[in-house]
1. Nearest 500 deg cm²/dmol is fine: what mean residue ellipticity at 222 nm does the chain get from its DSSP H runs of n ≥ 4 alone, each adding -39,500 (n - 2.57), divided by its residue count?
2. Order K189, K95 by their accessible area, 1.4 angstrom probe, all chains in place, largest first.
3. Need one number: convex hull volume per residue for the range 242-400, Cα atoms only, in Å³.
4. Would you mind checking K287/K380; K340/K380; K287/K339; K229/K340 for any pair whose Cα atoms are more than 32 angstrom apart?
5. Mind checking the dipole of the range 2-178: about its Cα centre, +1 per Lys or Arg Cβ, -1 per Asp or Glu Cβ, Debye to the nearest 20?
6. Rank T197, T43 by accessible area, highest first, at a 1.4 Å probe radius?
7. Can you give me the angle between helix 13-25 and the longest principal axis of the chain, using Cα atoms only, in degrees from 0 to 90, rounded to the nearest 10?
8. Provide the gained length on full extension for the span H129 to T285, in nm with one decimal, where the gain is 0.36 nm per separating residue minus the Cα-Cα distance.
Amino acid sequence: MQIILGITGGVAAYKSAELARLLANQGHRVRCILTEAGARFITPLTLTSLTGEPCYGANPDQGEWRANPSIEHIELARWADLVAVVPATANILGKAANGLASDLLSTVLLATRAPVLWAPAMNTGMWEHPAVQANLQRLRGFGHAVVEPGEGVLACGEEGSGKLAEVAAIAEAIQVHGTPKLGSLLGRKVLITAGPTREDLDPVRTLTNRSTGSMGIELARAFRDVGAKVHLVLGGDLPEPWGVETVRVRSAQQMLEACEARWMDSDGLVAVAAVADQRPESAATQKVKKTDGIETLALVRTPDILAALGADRRPGQWVIGFAAESENHLEHAGEKLKKKGLNAILVNDVQTGRGFGAQANTLTPLTAQGPQPSLGPLPKDLLARAVVQWWAGHLQSERS
Ligand code: CTP
């Protein structure tokens with residue numbers, strides 16, 4: 001994405017340097033525009049060093065805004081795929097809500113057709129003032145996104161709301177707001193299972209596997225970004241993704257119950273979780289002591305979540321599974337596709353060293369029409385987006 005990052009005058013301006021670096025590291029091109037007050041808190045040199053792109057000042061005689069001052073704001077407005085203002089003061093919110101254009105940032109905001117996102121930061125009294133709230137309401141009405149400030153101790157010494165949202169949350173919101181929505185998934189409710197399950201033997205021992213849940217989390221983000229409403233049922237310890245309703249579970253049985261509670265209200269299921277196929281027959285309430293001669297563990301099967309939900313579906317609901325295979329991939333995956341009545345299965349060749357915990361991965365979708373062109377090798381975030389694009393195209397073609 002090509003992002004214009006507007007930085008206005010507030011102590012939180014130092015955090016926009018961190019945001020600029022994070023976005024640049026994620027592969028975005030970031031050009032910063034400082035307002036006059038913003039330039040008192042942070043320097044153009046910091047921002048150009050972090051982004052490798054020019055930084056613009058408030059007026060034609062500042063920063064890089066020199067080449068052709070009469071049209072620079074139009075060029076920048078066209079260049080942007082998204083304009084984010086972080087931190088946004090009451091002043092810039094007021095200007096943009098009322099169509100005022102008195103410096104480079106406010107003129108770009110008025111001229112651009114790109115999505116706009118605001119991350120306000122200010123004193124609690126200012127934040128709560130009806131004039132500021134009315135301006136925000138107006139901006140929301142223009143289709144702009146607002147990442148609400150949090151609560152905490154503010155630079156002015158007061159405690160209350162008005163503290164800039166977390167940088168990571170702003171970066172996620174930029175990703176969501178800047179991603180074009182896909183008609184076949186917009187507003188659709190997608191249920192995703194992710195991560196390992198844990199089956200307890202006693203209060204200190206557990207049976208689990210090496211899945212981290214990262215692929216499922218990236219898929220949740222990718223569905224969220226294109227406009228789906230995502231419910232994530234998550235095992236393991238990774239943090240929950242922003243903007244995704246997440247339920248944390250431990251065992252296969254808990255995962256099944258959490259899914260069942262949401263399934264009837266969902267349009268589709270993507271089962272990414274590495275669910276333990278067995279659990280100890282009984283879990284001891286006290287730590288089991290070693291006893292000579294008793295060295296075997298009695299196991300029983302856990303519920304197959306994907307099969308259970310697939311068997312209990314209403315017309316129009318779709319179900320996608322994952323298959324990690326080390327040999328005869330397509331043959332084994334094809335059997336699972338049929339046995340579990342899936343619309344598609346994404347086949348992962350674990351023999352090549354890719355899969356659990358690996359950085360880059362390849363997935364081959366398999367449907368009733370046979371194997372589809374492979375997706376990847378790609379890092380998991382990009383692979384997840386490729387899966388979502390492929391599936392949205394598949395749904396679209398089924399409809400037409
Ligand atoms: N799955 C599930 N519930 C289970 C087991 C698996 O929902 N109890 C889902 C996984 O999330 C994945 C797919 O089913 O989408 C994997 O299918 P499965 O046949 O269980 O794969 P394996 O356990 O790898 O099977 P096998 O050992 O027979 O290869």
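The values are calculated or read from the model by the stated rules, or taken from the named source; none is laboratory data. Note that the structure is predicted; figures quoted are calculated from it, not measured. Glycine also receives a Cβ, built like all others from the backbone with ideal geometry; neighbour counts cover every protein chain displayed. Surface areas here come from the heavy atoms of the whole protein model, side chains and all, with no ligands, DNA or RNA. Shrake-Rupley method; radii C 1.70, N 1.55, O 1.52, S 1.80 Å.
1. Numbers: 14 runs with 140 residues, N = 400.
The helix-only estimate for the chain comes to -10500 deg cm²/dmol at 222 nm.
2. On the way: K189 65, K95 35 Å².
Of K189, K95, the descending order of accessible area is K189, K95.
3. On the way: hull volume 27.7 nm³, N = 159.
In the range 242-400, the Cα convex hull volume per residue is 174 Å³.
4. On the way: K287/K380 38 Å; K340/K380 25 Å; K287/K339 39 Å; K229/K340 25 Å.
Violating the 32 Å Cα-Cα cut-off are K287/K380; K287/K339.
5. Values: 12 positive and 16 negative charges, 71 e Å.
Roughly 340 debye, rounded to the nearest 20.
6. T43, T197
7. 50 degrees
8. Working: separation 156, 0.36 × 156 = 56.16 nm, distance 5.51 nm.
Going from the current span to full extension adds 50.6 nm.
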